[in-house]
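Contents: one structure, followed by commentary.
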Amino acid sequence: GCRKQANYHVEQNNKIVDEELSDWESKFFEVDMDYLHELFMAANYLEIESLLNGVTKRVGDFIKACKNVEVIRQTFGINNDFAAQQEEEIRKLNSWNHI
């Protein structure tokens, strides 16, 4: 799994463009966030840029598809440090965003 993917990216000499992921790669990245985190850490440590791009694209796709602030906070362990009034002001300022 992870080793095979890392070797594939090293052999490709980091020439893979993240927007053009193969079907195999797309399926490879369809894992839970804990596994993606481990994969990210390994790719970062081994400096495999194309693998990092694949992981970050998968996380970005998740966030874009979700559009639910509370689910995103829970998934990534982000604490809400805004007071209710601050959060309401931000929602009003960004009402065009429909989040």
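The values are calculated or read from the model by the stated rules, or taken from the named source; none is laboratory data. Note that the structure is predicted; figures quoted are calculated from it, not measured. Backbone-built Cβ (ideal geometry, glycine too); neighbour counts: all protein chains shown. Calculation scope for accessible area: heavy atoms of the full protein, side chains included, ligands and nucleic acids excluded. Shrake-Rupley method; radii C 1.70, N 1.55, O 1.52, S 1.80 Å.
How do Arg58, Arg73, Arg91 rank by accessible surface area computed with a 1.4 Å probe, from largest to smallest? Spell out each step's value before the answer.
Working: Arg58 70, Arg73 35, Arg91 100 Å².
The ordering from most to least exposed comes out as Arg91, Arg58, Arg73.
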Inter-site label distance for Asp32 and Glu70 at 7 Å from Cα along Cβ, in nm: 2.2 nm
Percentage of interatomic Cα-Cα distances in the range 25-89 larger than 15 Å: 59 percent
Chain lengthening between Tyr45 and Glu88 when straightened (0.36 nm per residue, less Cα-Cα): 11.5 nm
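Could you give the length gained on full extension between Thr56 and Ser95, defined as 0.36 nm per residue of separation minus the Cα-Cα distance, in nm?
Numbers: separation 39, 0.36 × 39 = 14.04 nm, distance 2.69 nm.
Difference between extended and current length: 11.4 nm.
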